[in-house]
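Undergrad: Pasting in a structure now, in structure tokens, and then I'll have a few things to ask.
Nothing in this text is a laboratory measurement; each read-out follows from the coordinates by a stated rule. Being a predicted model, the structure only gives us computed values, none of them experimental. Cβ coordinates were reconstructed from backbone atoms using ideal geometry, including for glycine residues, and neighbour counts include every protein chain displayed.
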Amino acid sequence: MKGLLCMLLAVALNDQQLRDIQFDQKTGAQTTLSLPFVDETGKTVTLGAELGGKPTILALGYYRCPMLCTLELNGLVASLQDLKPGSAPASVVFVSVDPTETPALAAAKKATYMKLYARRGAAADWHFLTGPKSSVDKLAEETGFRFAYDPASQQYAHPSGLIILTPEGKVSTYFFGINFVSRDLDAALRAAARHETKSPVQQFVYLCFHYNPIRGKYGAAIMDGVRIGGVATLAGLAGVIWQAQRRKETR
């Protein structure tokens, strides 16, 4: 997926810059485990320490993102909540690409998602990081995450998706978009735990949403995606109810 691009309506980025905002799939690439970041408590940490020797779900974005990063994290939480007991243990690492963001913002975001996820002990494996531009740029380059700052809107344009890392920090595979199939995510984490890397996956082009600061509304592309996700959820619930009713009638 070329990605969902998060940016405001009025932009200074040209067409070529927008075309460049995507994931370059670098499966098998090694991330630099010694890269320094700051965690949500204000402590200096390294990327390797945050992986914790586990397969890792890595997401890059920023905490003041108007909407896209929230949708992405909501989709991740929903997917992880659907995983059955015994699924592959994993770390979750969110890295802000905005070097001006603070540990306080990271802590607030972590508190929100720990409350939403509501799994005992999960906080130890979820890490919300900030860091210097040098670390951010290096990690983005190593994982193929292309993004750009738009000075007109003072926002970052970036693709949406997850990067699955092996316990030693190699890129195993990618997931694109804001909704993630639980069984596929579980299979990817298990493969990463076995130190496997997968071939690049097809990227579906889904161009960005725009936010109009005057109207306070998001454009059609992202809203269509949200509506489709809602319809799919309702359809799934209807199926569960129908199956339950059938079992009740056959008793």
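Undergrad: What is the sum of charges, Lys and Arg at +1 and Asp and Glu at -1, for the other residues whose Cβ falls under 13 Å from the Cβ of Phe180?
TA: Net of charged neighbours comes to -3.
Undergrad: OK, next. Sequence gap at least 6, Cα distance under 8 Å: using those rules, report the relative contact order of segment 147-200 to the nearest whole percent. Walk me through the intermediate numbers first.
TA: Details: 65 pairs, mean separation 16.4, N = 54.
For segment 147-200, the relative contact order is 30 percent.
Undergrad: Across segment 147-161, in residue order, what do the Karplus-derived ³J(HN,Hα) couplings come to in whole Hz, using 6.51 cos²θ - 1.76 cosθ + 1.60 with θ = phi - 60° and x for Gly and Pro?
TA: Result, ordered by residue: 8, 8, 8, 9, x, 5, 9, 6, 10, 9, 8, 7, x, 10, x Hz.
Undergrad: Once phi is turned into ³J(HN,Hα) by the Karplus curve 6.51 cos²θ - 1.76 cosθ + 1.60 with θ = phi - 60°, what whole-Hz value does each residue of segment 134-142 show in order, with x for glycine and proline?
TA: Computed from phi, the couplings for segment 134-142 are 4, 5, 4, 5, 5, 5, 4, 5, 5 Hz.
Undergrad: Using amide H atoms built 1.01 Å from N in the peptide plane, name the residues 5+ places from His127, or on other chains, whose amide H lies under 5 Å from its own.
TA: Sorted by chain and number, the residues that satisfy this are Val92, Val93, Phe94.
Undergrad: How much length is gained on full extension from Thr41 to Leu83, taking 0.36 nm per residue of separation minus their Cα-Cα distance?
TA: That pair, Thr41 and Leu83, stretches by 12.3 nm at full extension.
Undergrad: Report, by chain and number, residues whose modeled amide H sits under 5 Å from the one on Val45, excluding near sequence neighbours (fewer than 5 apart, same chain).
TA: Phe37, Val38, Asp39
Undergrad: Here is a further query. Just how far, in whole angstrom, is segment 52-118 from segment 136-170 if you go by their alpha carbon centroids?
TA: About 14 Å separates the Cα centre of segment 136-170 from the one of segment 52-118.
Undergrad: If you take the beta carbon distance between Asp20 and Lys133 as r and set R0 to 22 Å, what does 1/(1 + (r/R0)^6) give as a FRET efficiency, to the nearest 0.05?
TA: 0.75
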